[in-house]
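K.L.:
Mind having a look at this structure? Questions to follow.
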Amino acid sequence: MRNTIKAAAAWATSTLALTAASTWLVAAYAQDAKGGAAKPDANKGQQIVTQVCAACHGADGNSTSPVNPKLAAQHPDYLLKQLKDFKAEGGKPAERVNAVMAAFAQPLSEADMRNVSAYYSSQKLKPAFAKLKDSVELGQKIYRGGIASKAVPACSGCHSPNGAGIPAQFPRLAGQYADYTEAQLVLFRQGGRKNSPQMTAIAARMSDAEIKAVADYVAGLR
Ligand code: HEC
Ligand code: HEC
């Protein structure tokens, strides 16, 4: 008798859970169909940016310190992917390890992430500049043609000839601070940034001087 009651209770609970889940699913689909839930809201994104992110990335995504990347005019899907990669979820370690950004990505919901990405990507980039006259030629050569002897492919093949990138897969590099770009290439090479097997393989074959030259060159790309 006890067992029957227990089984009935379990059945009732699971049915309730299923009903709740399907009601939720129907609601989610209905909202999706209206475009309500799925569409990012740049205004809501701007509120988060003003309160939290602006101190480092600028209110309009043009950070004033070369340590903090510029986010203006970056592709929204790329920004979203980075925020997810910074956030450690379900007990899995983050794929892009950075203590500062881990702390700021952790409290964001997926909707928040979509909203801030929509906001920053809609802002106008105030590009950085190249500074190293002596390595411009090397930087340009690598960017346009790669390094044949080391099987390093041309950056332009994925990041586009003018460095604007190709949405949604390949991020913009043009106008980014050289210091930040250099730091990322070194992180890919060392394995500190593990969220792109492609970039890890490429950076692994590059010397410090090659990384520095191409990072400076892309800062000046328009
Ligand atoms: C205290 C400074 C600070 C704050 C505040 C901050 N960030 Fe960052 N952010 C950084 C730094 C530093 C990096 C570079 C991390 C690295 O080297 O991997 C970064 C990287 C990023 C990137 C990756 C950019 C790229 O080109 O790959 C995104 C996206 C980003 N931040 C979004 C945000 C958002 C959204 C907020 C607000 C919720 C925020 N950040 C708040 C310092 C900050
Ligand atoms: C086969 C395609 C491919 C090629 C070739 C390539 N990249 Fe990338 N690169 C990517 C992808 C994909 C990402 C995004 C990784 C991610 O999701 O985090 C990326 C990201 C980057 C980033 C990080 C940008 C940021 O805002 O943090 C830098 C810097 C970069 N690439 C530099 C280069 C340079 C320099 C070259 C040439 C030596 C190059 N890439 C060649 C595919 C490529």
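The values are calculated or read from the model by the stated rules, or taken from the named source; none is laboratory data. Note that this is a predicted model, so its numbers are computed, not measured. Cβ coordinates were reconstructed from backbone atoms using ideal geometry, including for glycine residues, and neighbour counts include every protein chain displayed.
K.L.:
Is one or more of the residues making up region 130-141 under 21 Å from V67 (Cα atoms), aliphatic (A, V, I, L, M) and modelled with pLDDT of 95 or more?
P.N.:
Within region 130-141 (the criterion being under 21 Å from V67 (Cα atoms), aliphatic (A, V, I, L, M) and modelled with pLDDT of 95 or more), the answer is yes, since at least one residue qualifies.
Matching residues to (1) touching a residue at least 60 places away in the same chain (Cβ under 8 Å); (2) in the same structural domain as A209 (by TED's automatic domain parsing); (3) surrounded by 19 or more Cβ atoms within 10 Å (Cβ to Cβ):
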| position | (1), (2), (3) |
| --- | --- |
| Q51 | no, no, no |
| A55 | no, no, no |
| Q74 | yes, no, yes |
| L83 | no, no, yes |
| P107 | no, no, no |
| E110 | no, no, no |
| S117 | yes, no, yes |
| K133 | no, yes, no |
| I142 | yes, yes, yes |
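K.L.:
Right, next: For region 89-99: of the residues being part of a loop (DSSP other than H, G, I, E, B) and within 16 Å of ligand 2 (Cβ to nearest atom), which is surrounded by the most Cβ atoms within 10 Å (Cβ to Cβ)?
P.N.:
For region 89-99, the residue satisfying everything is A94.
K.L.:
Picking from S156, S196, S207, which residue would you name as being away from ligand 1 (no atom under 16 Å from the Cβ), without any contact (Cβ under 8 Å) to a residue 12 or more places away in the chain and at negative phi?
P.N.:
Details: S156 fails: without any contact (Cβ under 8 Å) to a residue 12 or more places away in the chain; S196 fails: away from ligand 1 (no atom under 16 Å from the Cβ).
That would be S207, the only listed residue that is away from ligand 1 (no atom under 16 Å from the Cβ), without any contact (Cβ under 8 Å) to a residue 12 or more places away in the chain and at negative phi.
K.L.:
What number of residues within region 78-98 satisfy the criterion of being within 21 Å of G58 (Cβ to Cβ) and more than 9 Å from ligand 1 (Cβ to nearest atom)?
P.N.:
Summing the residues that are within 21 Å of G58 (Cβ to Cβ) and more than 9 Å from ligand 1 (Cβ to nearest atom) in region 78-98 gives 0.
K.L.:
Something else: In this structure, is P127 within 20 Å of G175 (Cβ to Cβ) and either outside the structural domain of N195 (by TED's automatic domain parsing) or modelled with pLDDT of 95 or more (or both)?
P.N.:
Considered against the rule, which asks whether it is within 20 Å of G175 (Cβ to Cβ) and either outside the structural domain of N195 (by TED's automatic domain parsing) or modelled with pLDDT of 95 or more (or both), P127 comes out as yes.
K.L.:
While we're on this one: In region 166-187, what residues are more than 9 Å from ligand 2 (Cβ to nearest atom), part of a loop (DSSP other than H, G, I, E, B) and of a type outside the set (A, V, I, L, M, F, W, C)?
P.N.:
Across region 166-187, the qualifying residues are P167, G175, Y177.
K.L.:
Follow-up. For residues that are more than 14 Å from the chain's Cα centre (by Cα) and surrounded by fewer than 18 Cβ atoms within 10 Å (Cβ to Cβ), tally how many sit in region 184-200.
P.N.:
Of the residues in that region, 7 qualify.
K.L.:
Check region 161-179 and report whether any residue there is of a type in the set (S, T, N, Q) and either assigned by TED's automatic domain parsing to the domain that holds S63 or over 21 Å from the mean Cα position of the chain (by Cα) (or both).
P.N.:
No, that holds for no residue.
K.L.:
Return the residues of region 46-84 that are among the hydrophobic types (A, V, I, L, M, F, W, C), near ligand 2 (Cβ under 10 Å from one of its atoms) and within 18 Å of A178 (Cβ to Cβ); say none if nothing qualifies.
P.N.:
L71
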